[in-house]
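Shown next, in C-alpha cells, is the structure this report addresses.
The values are calculated or read from the model by the stated rules, or taken from the named source; none is laboratory data. If you're wondering where the values come from, they're calculated on a predicted model, not measured in any experiment. Using ideal geometry, Cβ is built from the backbone for each residue, glycine included, and neighbour counts are taken over all protein chains shown.
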Amino acid sequence: MLKRIYIDNFRCLVNFELDLEAIDLFLGANGSGKSTVFEVLQKIQSFVSGDSKVEAIFKIADCTRWQNSQIQRFELEIIGNSGCYKYELGIGHNRDKCRVEYERLWFDSQPLLKFELGEVQLYRDNHSEGPQYPFDWSQSLLASLMPRNDNTKLTWFRERMARFIIVQIVPSLMLDESEREQMRLTPKMENFVSWYRYLSEDQGKVAEIGSILRKVLEGFTNFKFERVSEDNLVLKLRFLAEKGNIKPIEYRFGELSDGQKTLVALYALIHGTKSEDYTLWIDEPENFLALPEIQPWLIELYDLCSEGKLQSLLISHHPELINYLLVSPIGYWFERQSNAPVRVKRISDRVAENSGLPVSELIARGWLNESA
C-alpha cells in the first residue's frame with residue numbers, strides 16, 4: 001500500500017506531503033492541485049518503468065514559478081513485501097537540460113540503491129554492498145535492473161510501481177479495437193480494450209466481471225472478441241433481444257453510450273485488480289453516471305479497500321461520494337490562492353456533525369473551512 005507522498009517544487013506543490021489510507025478522497029476547488037498529485041505519480045511511474053528518458057518526463061516549466069530552486073524532489077513510501085520501502089528522487093534542471101541528481105531506495109531504513117553524482121551503489125537483499133559503477137544521469141537505474149536471486153527487494157519495488165493505475169475515464173476516447181494485449185492503461189483509458197484483452201487471459205476474472213455486469217447492464221450476457229483484420233480484434237458485448245427473438249444482439253464497445261462504457265471500465269478496474277496489491281487512482285469516476293449507477297460501484301470499492309484487497313485514491317465533486325466516503329477520516333481538502341502553494345488538511349464526517357449539514361452541502365456553500 002502506498003503510505004506517503006512527498007513532492008517539492010512541482011507547480012503548485014511545494015513541500016507537499018500526504019499520508020494515505022486504504023481509500024482516500026481528494027476534495028477541493030478546480031485548480032487546487034488534486035490532479036497535479038495524480039500527474040506527479042504518473043511521471044514517477046513512467047520514469048521507474050523506463051518508458052522515457054528523464055528530459056521527456058520532467059520539464060523545467062513544471063518547476064514552481066515563484067521559487068528559484070532548480071531541483072525537484074519526490075518521495076514515496078510503500079508498505080509491502082513484509083516491510084516499508086522509501087523511494088527518493090531528485091531531478092535537477094539547468095536551462096533546457098535536466099538530469100537525475102539522485103535516486104535512492106530504502107527498505108526498513110536499510111539501503112537497497114543509491115545513485116548520486118553519476119555513481120551507483122547497489123545493495124543485496126541482506127543490505128551488504130553489491131556492485132558499484134558509473135551510470136547514466138538521464139534514466140532510472142531501477143528500469144535497467146535484471147532480476148537476480150540477491151536483488152528481489154529491488155525488483156519487487158519496481159513491479160509494485162507498475163501496479164499503480166492512474167486514470168480519468170474519457171469514454172469518447174476509448175477505442176474498441178485492439179492490435180495486442182497491453183498490461184498498462186493509458187491516462188484517459190484509450191486502450192481499455194487492449195487492457196481488457198490482457199485481463200481475459202485469466203478466465204476467472206473474465207467470468208467474475210461478466211457476472212457483475214449482468215447485474216448492472218440491463219440485458220447484458222457476455223463479452224466477445226472478434227477478429228476484424230490480421231492484427232486487430234474488436235470487443236463486442238452481447239445483449240438479450242426482445243422476447244420472441246432468441247439470438248442475442250451484438251454491439252461493438254464503441255457503440256455503447258458513454259455511461260455504459262464508464263460502468264464497464266469501473267467494474268473491470270476493481271474486479272480485474274483486486275487482491276493483487278494494486279493502487280487505483282481515479283479522477284472523477286462518477287462522470288457520465290447517474291446516482292443509482294455510481295452508488296453500487298462505490299459500495300463495492302469501499303468494501304474491497306476496507307478488506308485490504310485494494311487501495312484507491314479518488315478525486316470527486318459528487319455529493320454521494322463525498323457523503324458516503326467521509327463516514328471516517330479518509331478525505332483531504334485541497335486549497336490554494338493564486339501564486340501560492342497548495343495546502344491540505346484532513347476532513348471527516350465530524351465537520352458535518354458539528355454543523356448539522358452533509359459535507360457535500362458545506363462544500364457547495366463554501367462553509368467547509370468555517371466548520372472544520
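Residues in the range 41-60 that are in contact (Cβ under 8 Å) with a residue 60 or more places away in the chain, under 20 Å from ARG160 (Cα atoms) and buried (at least 18 other Cβ atoms within 10 Å of the Cβ): LEU41, ILE44, GLN45, PHE47, VAL48.
Number of residues in the range 263-298 that are part of a helix (DSSP H, G or I) and either of a type in the set (Lys, Arg) or touching a helix residue (DSSP H, G or I) at 6+ places or on another chain (Cβ under 8 Å) (or both) equals 16.
Candidates THR221, THR279: the one that is among the polar types (S, T, N, Q) and surrounded by fewer than 21 Cβ atoms within 10 Å (Cβ to Cβ) is THR221. Per the conditions (1) among the β-branched types (Val, Ile, Thr); (2) touching a Phe, Trp or Tyr at 6+ places or on another chain (Cβ under 6 Å); (3) in a loop (DSSP other than H, G, I, E, B), the sole criterion not satisfied by ILE166 is (3). Of all residues being assigned to a loop (DSSP other than H, G, I, E, B) and free of Cβ contacts under 8 Å to residues at least 60 places away in the same chain in the range 4-40, which is farthest from ASN68 (Cα to Cα)? Just the residue, please. Top of the filtered list is ASN30.
Is it the case that some residue within the range 153-165 is crowded, with 17+ Cβ neighbours inside 10 Å and without any contact (Cβ under 8 Å) to a residue 40 or more places away in the chain? No, the conditions are met nowhere in the range 153-165. In the range 230-247 there is at least one residue that is under 23 Å from ALA290 (Cβ atoms) and either surrounded by fewer than 18 Cβ atoms within 10 Å (Cβ to Cβ) or assigned by TED's automatic domain parsing to the domain that holds LYS43 (or both). Among residues of the range 28-40 being more than 18 Å from TYR6 (Cα to Cα) and either in contact with a Lys or Arg (Cβ under 8 Å, 6 or more places away or on another chain) or charged (D, E, K, R) (or both), the one that is surrounded by the most Cβ atoms within 10 Å (Cβ to Cβ) is GLY28. For the range 300-320, the condition of being in contact with a Phe, Trp or Tyr (Cβ under 9 Å, 6 or more places away or on another chain), part of a loop (DSSP other than H, G, I, E, B) and under 25 Å from THR36 (Cα atoms) holds for at least one residue. Checked against (1) closer than 28 Å to GLN168 by Cβ; (2) in contact with a strand residue (DSSP E or B) (Cβ under 9 Å, 6 or more places away or on another chain); (3) not hydroxyl-bearing (Ser, Thr, Tyr), LYS274 passes all but a single condition, namely (2). MET189 meets each of the listed conditions (1) surrounded by fewer than 20 Cβ atoms within 10 Å (Cβ to Cβ); (2) part of a loop (DSSP other than H, G, I, E, B); (3) hydrophobic (A, V, I, L, M, F, W, C) apart from (1).
One line per residue, one yes/no per condition, for (1) at pLDDT 95 or above; (2) within 24 Å of VAL206 (Cβ to Cβ):
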site	(1), (2)
LEU240	no, yes
GLY254	yes, yes
SER257	yes, yes
LYS274	yes, yes
ILE282	yes, yes
ILE294	no, yes
ILE299	no, yes
LEU326	no, no
ILE330	no, no
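Out of curiosity, is LEU113 more than 21 Å from the chain's Cα centre (by Cα) and surrounded by 19 or more Cβ atoms within 10 Å (Cβ to Cβ)? For LEU113, the condition - more than 21 Å from the chain's Cα centre (by Cα) and surrounded by 19 or more Cβ atoms within 10 Å (Cβ to Cβ) - is met. Identify, please: which residue in the range 3-21 is modelled with pLDDT of 95 or more, over 25 Å from TRP137 (Cβ atoms) and in contact with a helix residue (DSSP H, G or I) (Cβ under 9 Å, 6 or more places away or on another chain) and is, among those, surrounded by the fewest Cβ atoms within 10 Å (Cβ to Cβ)? Across the range 3-21, the extreme among qualifying residues is LEU18.
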